[in-house]
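> Sharing a structure here in C-alpha coordinates format.
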Amino acid sequence: MSRFAKPVFVAAGLRTPFGRGGGALATYDAVSLSVPVMRAMAAQAVPDLLIWGTVIPNLGWSNIAREAWLDAKLDPTVPAFSVVLACSTSMTATFTAAGMLGSGTDLTLVGGSEVMSRPSIALTAEASKRLTDLFATDAMGALAALQALAPSDYVLPTKGWANRITGKTMGDHMEETAKAWRISREAQDDWALKSHQRAVAGWDRGFFDDLVVPLPELARDANPRADTSSERLAALKPAFDRSSGMGTLTAGNSSPITDGAAGCWVASEDGLERLPEGTPFARLVDYEISAVDFHMEGLLMAPSYGIPRLLSRNDLCFSDIALWEIHEAFASQVLANVAAITDPEWVRTTAEVTAPMGDFDWDRVNPNGGSVALGHPFGATGARDLSQAVKELWALPPGSRAIVSICADGGQGTVALLERG
(Lines give C-alpha, C1' and ligand atoms only; values in the text may rest on other atoms or scores of the structure.)
Protein backbone atom coordinates (compact mmCIF):
# COMPACT_ATOMS: atom_id res chain seq x y z
CA MET A 1 0.00 0.00 0.00
CA SER A 2 1.03 3.65 -0.27
CA ARG A 3 -0.10 6.79 1.43
CA PHE A 4 -0.12 8.60 -1.92
CA ALA A 5 -2.48 8.34 -4.89
CA LYS A 6 0.45 8.77 -7.27
CA PRO A 7 4.07 7.72 -6.75
CA VAL A 8 6.23 10.10 -4.72
CA PHE A 9 10.01 9.86 -4.83
CA VAL A 10 12.85 11.11 -2.67
CA ALA A 11 16.11 11.66 -4.54
CA ALA A 12 19.55 12.14 -3.03
CA GLY A 13 20.62 15.75 -2.73
CA LEU A 14 23.71 17.57 -1.54
CA ARG A 15 25.04 18.96 1.70
CA THR A 16 27.95 20.90 3.06
CA PRO A 17 30.63 19.12 5.02
CA PHE A 18 29.53 19.17 8.64
CA GLY A 19 31.81 21.31 10.80
CA ARG A 20 32.59 21.14 14.48
CA GLY A 21 31.02 23.76 16.69
CA GLY A 22 33.27 26.79 16.85
CA GLY A 23 35.30 25.45 13.94
CA ALA A 24 35.72 26.04 10.22
CA LEU A 25 32.10 26.98 9.47
CA ALA A 26 31.43 29.15 12.52
CA THR A 27 31.70 32.38 10.50
CA TYR A 28 28.56 31.46 8.53
CA ASP A 29 24.98 31.85 9.66
CA ALA A 30 22.11 29.54 8.74
CA VAL A 31 21.22 31.66 5.69
CA SER A 32 24.71 31.97 4.22
CA LEU A 33 25.50 28.29 4.83
CA SER A 34 22.34 27.34 2.92
CA VAL A 35 23.45 29.27 -0.16
CA PRO A 36 26.14 26.88 -1.52
CA VAL A 37 23.82 23.88 -1.16
CA MET A 38 20.96 25.65 -2.93
CA ARG A 39 23.24 26.83 -5.74
CA ALA A 40 24.71 23.37 -6.26
CA MET A 41 21.31 21.68 -6.32
CA ALA A 42 19.76 24.35 -8.55
CA ALA A 43 22.60 23.66 -10.99
CA GLN A 44 21.22 20.11 -11.22
CA ALA A 45 17.61 21.22 -11.74
CA VAL A 46 15.49 24.28 -11.03
CA PRO A 47 12.78 23.27 -8.57
CA ASP A 48 9.14 24.28 -8.71
CA LEU A 49 9.12 24.91 -4.96
CA LEU A 50 11.58 25.26 -2.09
CA ILE A 51 10.85 24.18 1.51
CA TRP A 52 13.67 24.81 4.00
CA GLY A 53 14.08 25.14 7.73
CA THR A 54 16.27 26.00 10.67
CA VAL A 55 15.61 25.35 14.34
CA ILE A 56 17.54 27.89 16.41
CA PRO A 57 15.55 31.17 16.22
CA ASN A 58 17.10 34.29 14.72
CA LEU A 59 15.39 37.68 14.54
CA GLY A 60 17.45 38.54 11.46
CA TRP A 61 15.02 36.68 9.19
CA SER A 62 11.49 35.33 9.17
CA ASN A 63 11.52 32.98 6.15
CA ILE A 64 14.94 31.41 5.77
CA ALA A 65 13.86 29.47 2.69
CA ARG A 66 13.05 32.55 0.64
CA GLU A 67 15.89 34.67 1.98
CA ALA A 68 18.61 32.08 1.39
CA TRP A 69 17.24 31.38 -2.11
CA LEU A 70 17.38 35.05 -3.02
CA ASP A 71 20.82 35.47 -1.43
CA ALA A 72 21.93 32.63 -3.70
CA LYS A 73 20.85 34.78 -6.69
CA LEU A 74 18.55 32.02 -7.95
CA ASP A 75 15.30 32.25 -9.92
CA PRO A 76 13.11 34.68 -7.94
CA THR A 77 9.93 33.19 -9.40
CA VAL A 78 10.41 29.95 -7.39
CA PRO A 79 8.19 30.15 -4.28
CA ALA A 80 9.74 29.22 -0.96
CA PHE A 81 8.54 28.77 2.60
CA SER A 82 9.98 27.51 5.88
CA VAL A 83 9.12 24.73 8.32
CA VAL A 84 10.39 23.74 11.75
CA LEU A 85 10.02 20.57 13.82
CA ALA A 86 13.18 20.48 15.94
CA CYS A 87 15.59 17.78 14.72
CA SER A 88 12.96 16.46 12.28
CA THR A 89 12.73 19.80 10.47
CA SER A 90 13.98 18.83 7.02
CA MET A 91 12.27 15.43 7.13
CA THR A 92 9.04 17.27 7.89
CA ALA A 93 9.80 19.47 4.89
CA THR A 94 9.99 16.28 2.83
CA PHE A 95 6.58 15.08 3.97
CA THR A 96 5.11 18.52 3.34
CA ALA A 97 6.54 18.56 -0.18
CA ALA A 98 5.19 15.08 -0.86
CA GLY A 99 1.67 16.24 -0.09
CA MET A 100 2.01 19.26 -2.39
CA LEU A 101 3.09 17.43 -5.55
CA GLY A 102 0.80 17.95 -8.53
CA SER A 103 -0.78 20.90 -10.29
CA GLY A 104 2.52 22.10 -11.71
CA THR A 105 4.67 21.16 -8.74
CA ASP A 106 6.69 18.12 -9.80
CA LEU A 107 10.06 18.82 -8.21
CA THR A 108 10.67 20.34 -4.78
CA LEU A 109 13.98 21.11 -3.13
CA VAL A 110 13.77 20.50 0.62
CA GLY A 111 16.28 20.78 3.40
CA GLY A 112 17.63 22.88 6.21
CA SER A 113 20.60 24.50 7.84
CA GLU A 114 21.98 25.11 11.31
CA VAL A 115 24.99 27.03 12.58
CA MET A 116 25.00 25.91 16.18
CA SER A 117 28.20 27.87 16.76
CA ARG A 118 26.27 31.15 16.56
CA PRO A 119 23.09 31.03 18.64
CA SER A 120 21.34 34.35 18.94
CA ILE A 121 21.26 36.11 22.28
CA ALA A 122 17.85 37.61 22.95
CA LEU A 123 16.19 39.82 25.52
CA THR A 124 13.46 38.54 27.77
CA ALA A 125 9.93 39.57 26.86
CA GLU A 126 9.85 41.92 29.85
CA ALA A 127 13.10 43.68 28.90
CA SER A 128 12.03 43.92 25.26
CA LYS A 129 8.73 45.56 26.19
CA ARG A 130 10.43 47.96 28.59
CA LEU A 131 12.83 49.13 25.89
CA THR A 132 10.20 49.25 23.15
CA ASP A 133 7.89 51.38 25.29
CA LEU A 134 10.77 53.72 26.14
CA PHE A 135 11.87 54.12 22.52
CA ALA A 136 8.33 55.19 21.64
CA THR A 137 8.31 57.97 24.26
CA ASP A 138 11.86 58.72 25.38
CA ALA A 139 14.61 57.72 22.93
CA MET A 140 17.45 59.00 25.14
CA GLY A 141 16.00 57.21 28.15
CA ALA A 142 15.75 54.03 26.09
CA LEU A 143 19.41 54.27 25.12
CA ALA A 144 20.36 54.70 28.77
CA ALA A 145 18.19 51.70 29.70
CA LEU A 146 19.84 49.68 26.93
CA GLN A 147 23.25 50.36 28.41
CA ALA A 148 22.00 49.44 31.86
CA LEU A 149 20.66 45.99 30.95
CA ALA A 150 21.48 43.30 33.50
CA PRO A 151 22.31 39.63 32.82
CA SER A 152 18.80 38.71 33.97
CA ASP A 153 17.38 40.73 31.04
CA TYR A 154 18.94 38.36 28.49
CA VAL A 155 17.89 34.93 27.26
CA LEU A 156 21.29 33.26 27.27
CA PRO A 157 22.08 29.76 25.89
CA THR A 158 23.56 28.78 29.23
CA LYS A 159 22.05 25.28 29.07
CA GLY A 160 22.31 24.77 25.34
CA TRP A 161 18.93 24.14 23.77
CA ALA A 162 16.97 23.08 26.81
CA ASN A 163 13.33 22.09 26.55
CA ARG A 164 11.28 25.14 27.50
CA ILE A 165 8.76 23.20 29.58
CA THR A 166 11.14 21.05 31.63
CA GLY A 167 14.23 23.27 31.57
CA LYS A 168 16.30 20.15 30.86
CA THR A 169 18.52 19.61 27.84
CA MET A 170 18.00 16.64 25.54
CA GLY A 171 21.05 15.09 27.17
CA ASP A 172 19.52 15.51 30.62
CA HIS A 173 16.37 13.79 29.41
CA MET A 174 18.30 11.05 27.65
CA GLU A 175 20.22 10.26 30.82
CA GLU A 176 16.87 9.55 32.48
CA THR A 177 15.79 7.37 29.56
CA ALA A 178 19.08 5.47 29.49
CA LYS A 179 18.65 4.63 33.16
CA ALA A 180 15.00 3.62 32.66
CA TRP A 181 15.91 1.27 29.80
CA ARG A 182 19.14 0.07 31.47
CA ILE A 183 21.31 1.18 28.56
CA SER A 184 24.86 0.70 29.76
CA ARG A 185 27.81 3.03 29.24
CA GLU A 186 29.65 0.18 27.50
CA ALA A 187 26.84 -0.36 24.99
CA GLN A 188 26.70 3.37 24.23
CA ASP A 189 30.45 3.61 23.70
CA ASP A 190 30.40 0.50 21.52
CA TRP A 191 27.74 2.01 19.25
CA ALA A 192 29.58 5.34 19.12
CA LEU A 193 32.77 3.54 18.06
CA LYS A 194 30.90 1.75 15.27
CA SER A 195 29.45 5.08 14.11
CA HIS A 196 32.89 6.68 13.86
CA GLN A 197 34.47 3.66 12.19
CA ARG A 198 31.70 3.43 9.61
CA ALA A 199 31.71 7.16 8.87
CA VAL A 200 35.48 7.20 8.39
CA ALA A 201 35.30 4.12 6.16
CA GLY A 202 32.50 5.72 4.14
CA TRP A 203 34.61 8.80 3.50
CA ASP A 204 37.69 6.74 2.69
CA ARG A 205 35.94 4.65 0.04
CA GLY A 206 34.26 7.68 -1.55
CA PHE A 207 30.67 7.07 -0.43
CA PHE A 208 30.15 10.72 0.53
CA ASP A 209 31.95 12.29 -2.44
CA ASP A 210 28.84 12.93 -4.54
CA LEU A 211 26.70 13.86 -1.52
CA VAL A 212 28.88 16.70 -0.21
CA VAL A 213 29.70 20.11 -1.71
CA PRO A 214 33.20 21.09 -0.54
CA LEU A 215 33.54 24.58 0.90
CA PRO A 216 36.69 26.74 0.90
CA GLU A 217 36.93 26.31 4.67
CA LEU A 218 36.16 22.59 4.82
CA ALA A 219 36.09 19.76 2.30
CA ARG A 220 35.20 16.80 4.52
CA ASP A 221 33.15 16.23 7.68
CA ALA A 222 35.19 17.40 10.67
CA ASN A 223 33.59 15.23 13.35
CA PRO A 224 34.37 11.58 12.44
CA ARG A 225 37.48 10.43 14.29
CA ALA A 226 39.71 7.77 12.81
CA ASP A 227 41.76 7.74 15.99
CA THR A 228 38.98 6.96 18.45
CA SER A 229 38.92 3.67 20.32
CA SER A 230 37.06 1.86 23.05
CA GLU A 231 39.71 2.98 25.52
CA ARG A 232 39.48 6.66 24.55
CA LEU A 233 35.69 6.62 24.70
CA ALA A 234 35.73 4.89 28.09
CA ALA A 235 38.07 7.55 29.49
CA LEU A 236 35.61 10.41 28.88
CA LYS A 237 33.65 11.82 31.80
CA PRO A 238 29.83 12.09 31.83
CA ALA A 239 28.63 15.23 30.07
CA PHE A 240 25.19 15.65 31.65
CA ASP A 241 24.79 13.70 34.91
CA ARG A 242 28.08 14.71 36.50
CA SER A 243 27.18 14.41 40.17
CA SER A 244 25.36 11.15 40.81
CA GLY A 245 28.20 8.87 39.77
CA MET A 246 25.77 7.09 37.44
CA GLY A 247 25.99 9.28 34.32
CA THR A 248 26.58 7.37 31.08
CA LEU A 249 26.24 9.99 28.32
CA THR A 250 29.54 11.57 27.29
CA ALA A 251 30.84 13.84 24.55
CA GLY A 252 31.98 10.68 22.80
CA ASN A 253 28.64 8.86 22.65
CA SER A 254 26.50 11.96 22.00
CA SER A 255 26.13 13.90 18.76
CA PRO A 256 28.41 16.97 18.78
CA ILE A 257 27.59 20.64 18.35
CA THR A 258 27.65 20.93 14.55
CA ASP A 259 27.35 23.45 11.73
CA GLY A 260 25.99 22.36 8.37
CA ALA A 261 23.31 22.52 5.67
CA ALA A 262 21.70 19.74 3.63
CA GLY A 263 19.08 19.30 0.94
CA CYS A 264 17.31 16.54 -0.97
CA TRP A 265 14.69 16.27 -3.72
CA VAL A 266 11.02 15.32 -3.57
CA ALA A 267 9.65 14.49 -6.99
CA SER A 268 6.84 13.05 -9.05
CA GLU A 269 7.67 10.74 -11.96
CA ASP A 270 7.86 13.79 -14.21
CA GLY A 271 10.06 15.58 -11.71
CA LEU A 272 12.53 12.69 -11.59
CA GLU A 273 13.14 13.10 -15.31
CA ARG A 274 14.47 16.61 -14.69
CA LEU A 275 17.25 15.39 -12.39
CA PRO A 276 20.69 14.38 -13.70
CA GLU A 277 20.89 10.85 -15.02
CA GLY A 278 22.01 8.41 -12.37
CA THR A 279 20.70 10.38 -9.38
CA PRO A 280 19.78 7.82 -6.70
CA PHE A 281 16.11 7.85 -5.77
CA ALA A 282 13.57 5.78 -3.85
CA ARG A 283 9.80 5.78 -3.57
CA LEU A 284 8.36 7.32 -0.42
CA VAL A 285 5.79 4.68 0.43
CA ASP A 286 4.49 6.01 3.73
CA TYR A 287 5.45 8.08 6.75
CA GLU A 288 4.55 8.55 10.38
CA ILE A 289 4.75 11.56 12.67
CA SER A 290 4.42 10.52 16.30
CA ALA A 291 4.36 12.26 19.65
CA VAL A 292 4.54 11.12 23.26
CA ASP A 293 3.86 12.60 26.66
CA PHE A 294 7.45 13.24 27.66
CA HIS A 295 6.45 13.54 31.31
CA MET A 296 5.63 9.83 31.08
CA GLU A 297 7.94 8.60 28.31
CA GLY A 298 11.41 9.68 27.30
CA LEU A 299 11.71 12.98 25.44
CA LEU A 300 13.29 11.23 22.43
CA MET A 301 11.24 8.03 22.40
CA ALA A 302 8.54 8.96 19.86
CA PRO A 303 10.14 6.88 17.04
CA SER A 304 9.49 3.74 19.09
CA TYR A 305 5.77 4.46 18.63
CA GLY A 306 6.03 5.49 14.99
CA ILE A 307 8.14 2.58 13.70
CA PRO A 308 5.82 -0.29 14.76
CA ARG A 309 2.74 1.61 13.62
CA LEU A 310 4.26 2.35 10.22
CA LEU A 311 5.40 -1.24 9.73
CA SER A 312 2.11 -2.72 10.87
CA ARG A 313 0.10 -0.42 8.60
CA ASN A 314 2.10 -1.69 5.65
CA ASP A 315 2.02 -5.37 6.71
CA LEU A 316 5.78 -5.43 7.26
CA CYS A 317 8.08 -6.77 9.95
CA PHE A 318 11.73 -6.11 10.80
CA SER A 319 13.08 -8.69 8.35
CA ASP A 320 11.36 -6.85 5.48
CA ILE A 321 13.60 -3.82 6.09
CA ALA A 322 16.97 -4.07 4.35
CA LEU A 323 18.29 -0.77 5.72
CA TRP A 324 17.75 1.28 8.87
CA GLU A 325 18.96 4.88 8.91
CA ILE A 326 18.36 5.95 12.50
CA HIS A 327 19.36 9.42 13.63
CA GLU A 328 21.86 9.21 16.47
CA ALA A 329 21.10 12.18 18.69
CA PHE A 330 22.76 9.99 21.31
CA ALA A 331 23.94 6.41 21.09
CA SER A 332 21.64 5.69 24.04
CA GLN A 333 18.68 7.06 22.12
CA VAL A 334 19.20 4.57 19.28
CA LEU A 335 19.66 1.73 21.75
CA ALA A 336 16.62 2.68 23.83
CA ASN A 337 14.28 3.06 20.86
CA VAL A 338 15.36 -0.29 19.41
CA ALA A 339 15.04 -1.89 22.84
CA ALA A 340 11.43 -0.65 22.91
CA ILE A 341 10.42 -1.80 19.42
CA THR A 342 11.96 -5.24 20.00
CA ASP A 343 10.00 -5.76 23.22
CA PRO A 344 6.72 -7.40 22.06
CA GLU A 345 4.90 -6.59 25.30
CA TRP A 346 5.92 -2.92 25.12
CA VAL A 347 4.89 -2.70 21.45
CA ARG A 348 1.50 -4.25 22.23
CA THR A 349 0.64 -2.27 25.33
CA THR A 350 2.34 1.06 24.67
CA ALA A 351 2.57 1.50 20.89
CA GLU A 352 -0.70 -0.47 20.62
CA VAL A 353 0.52 -2.65 17.76
CA THR A 354 -0.34 -6.35 17.93
CA ALA A 355 1.37 -7.56 14.77
CA PRO A 356 4.61 -9.47 15.45
CA MET A 357 7.73 -7.57 14.41
CA GLY A 358 10.21 -10.48 14.38
CA ASP A 359 13.97 -10.26 14.84
CA PHE A 360 15.92 -7.02 14.47
CA ASP A 361 19.20 -7.08 12.51
CA TRP A 362 21.67 -4.53 13.91
CA ASP A 363 24.00 -5.08 10.95
CA ARG A 364 21.51 -3.20 8.75
CA VAL A 365 21.66 0.01 10.83
CA ASN A 366 23.61 3.11 9.72
CA PRO A 367 26.18 1.37 7.49
CA ASN A 368 28.01 4.66 6.81
CA GLY A 369 27.80 6.10 10.29
CA GLY A 370 25.27 8.35 11.94
CA SER A 371 24.96 11.63 13.77
CA VAL A 372 27.25 10.68 16.67
CA ALA A 373 30.13 10.62 14.16
CA LEU A 374 28.92 12.80 11.28
CA GLY A 375 27.40 15.53 13.43
CA HIS A 376 23.91 16.89 13.96
CA PRO A 377 23.08 20.39 12.69
CA PHE A 378 19.43 20.36 13.75
CA GLY A 379 17.76 21.70 10.62
CA ALA A 380 19.95 19.72 8.23
CA THR A 381 19.82 16.24 9.75
CA GLY A 382 16.60 15.05 8.09
CA ALA A 383 17.84 15.82 4.57
CA ARG A 384 21.24 14.31 5.36
CA ASP A 385 19.63 11.13 6.67
CA LEU A 386 17.30 10.83 3.69
CA SER A 387 19.96 11.45 1.03
CA GLN A 388 22.30 9.00 2.73
CA ALA A 389 19.57 6.35 3.00
CA VAL A 390 18.52 6.78 -0.62
CA LYS A 391 22.10 6.31 -1.84
CA GLU A 392 22.58 3.28 0.44
CA LEU A 393 19.29 1.80 -0.78
CA TRP A 394 20.29 2.47 -4.41
CA ALA A 395 23.06 -0.12 -4.07
CA LEU A 396 20.57 -2.82 -2.97
CA PRO A 397 18.28 -4.94 -5.18
CA PRO A 398 15.03 -3.44 -6.55
CA GLY A 399 12.21 -3.73 -4.04
CA SER A 400 14.51 -3.31 -1.03
CA ARG A 401 13.04 -1.17 1.73
CA ALA A 402 14.49 1.29 4.21
CA ILE A 403 13.25 2.92 7.39
CA VAL A 404 14.56 6.39 8.16
CA SER A 405 13.84 7.52 11.72
CA ILE A 406 14.47 10.80 13.53
CA CYS A 407 13.70 11.76 17.12
CA ALA A 408 12.89 15.38 17.95
CA ASP A 409 12.74 17.63 20.98
CA GLY A 410 9.30 18.05 22.45
CA GLY A 411 8.61 14.31 22.51
CA GLN A 412 8.08 13.98 18.77
CA GLY A 413 9.53 11.90 15.96
CA THR A 414 9.28 11.22 12.24
CA VAL A 415 9.68 7.96 10.36
CA ALA A 416 9.76 7.35 6.60
CA LEU A 417 9.35 4.11 4.66
CA LEU A 418 11.33 4.08 1.40
CA GLU A 419 11.44 1.46 -1.35
CA ARG A 420 14.06 0.95 -4.05
CA GLY A 421 12.43 1.06 -7.50
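> May I ask you to give the average projected area over all directions of the convex hull of the Cα atoms of segment 143-273, in nm² rounded to one decimal?
Across all orientations, segment 143-273 yields a mean hull projection of 15.2 nm².
> May I ask you to evaluate 6.51 cos²θ - 1.76 cosθ + 1.60, the Karplus curve with θ = phi - 60°, for each residue of segment 210-220 and list the ³J(HN,Hα) values in order in whole Hz, giving x for glycine and proline?
Coupling constants for segment 210-220: 9, 10, 10, 8, x, 10, x, 7, 7, 10, 9 Hz.
> Considering only protein heavy atoms and a 1.4 Å probe, what is the carbon-and-sulfur percentage of the accessible area of the chain?
Answer for the chain is 54 percent, counting heavy atoms of protein chains only.
> Would you grab the residues whose amide H sits under 5 Å from the one on Thr250? Only those 5+ places off in sequence or on another chain, please, with H modelled 1.01 Å from N.
Amide H neighbours of Thr250, under 5 Å, 5+ apart: Ala239.
> To continue, here is another question. So what is the relative contact order for the chain, in percent, with contacts set as C-alpha pairs under 8 Å and at least six apart?
About 28 percent, as a whole number.
> Show the residues, 5+ positions off or on another chain, whose built amide H is closer than 5 Å to the amide H of Thr258.
When sequence neighbours closer than 5 places are left aside, the close amide H contacts are Gly21, Met116, His376.
> Mind listing the phi-derived Karplus ³J(HN,Hα) values for segment 258-266, rounded to whole Hz, using 6.51, -1.76 and 1.60 with θ = phi - 60°, and x for any glycine or proline?
Once rounded to whole Hz, the list reads 9, 10, x, 9, 8, x, 8, 10, 10.
> Also, I was wondering about something else. Can you tell me the FRET efficiency between Ala5 and Asp71 if r is taken as the Cβ-Cβ distance and R0 is 51 Å, rounded to the nearest 0.05?
The calculated FRET efficiency here is 0.90.
> If you don't mind, there's one more thing I want to ask. Name the most mobile residue of Met91, Met301, Met41, meaning the one with the largest mean-square fluctuation, in a Gaussian network model of the chain with Cα contacts below 10 Å.
Taking springs between Cα atoms under 10 Å, the residue moving most is Met41.
> If the cut-off is 20 Å between C-alpha atoms, which aspartates and glutamates fall inside it for Lys73, apart from same-chain ones fewer than 8 positions away?
Asp29, Asp48
> Normalised by the residues of segment 52-182, what does the relative contact order come to in percent, with Cα pairs under 8 Å and at least six apart?
Reported relative contact order: 20 percent.
> By DSSP, what percent of the beta bridges with both residues in the chain are antiparallel, rounded to the nearest 5?
That works out to approximately 75 percent antiparallel.
> What is the extension gain from Asp190 to Lys129, computed as 0.36 nm multiplied by their sequence separation minus the C-alpha to C-alpha distance, in nm to one decimal?
That pair, Asp190 and Lys129, stretches by 16.9 nm at full extension.
> So what's the gap between the Cα centers of segment 167-229 and segment 127-146, to the nearest angstrom?
After rounding, the separation between the Cα centres reads 46 Å.
> Which whole-number value in Å³ per residue fits the convex hull of the alpha carbons of the chain?
Each residue corresponds to 156 Å³ of Cα convex hull volume.
> For Asp293 and Ser120, calculate 0.36 nm times their separation in residues minus their Cα-Cα distance, and state this gained length in nm to one decimal.
So the extension gain works out to 59.4 nm.
The values are calculated or read from the model by the stated rules, or taken from the named source; none is laboratory data. Note that the structure is predicted; figures quoted are calculated from it, not measured. For neighbour counting, all protein chains shown are included, and Cβ atoms are generated from backbone atoms with ideal geometry for every residue, glycine included. Just the protein is used for accessible areas: all its heavy atoms, side chains included, with ligands, DNA and RNA removed. Shrake-Rupley method; radii C 1.70, N 1.55, O 1.52, S 1.80 Å.
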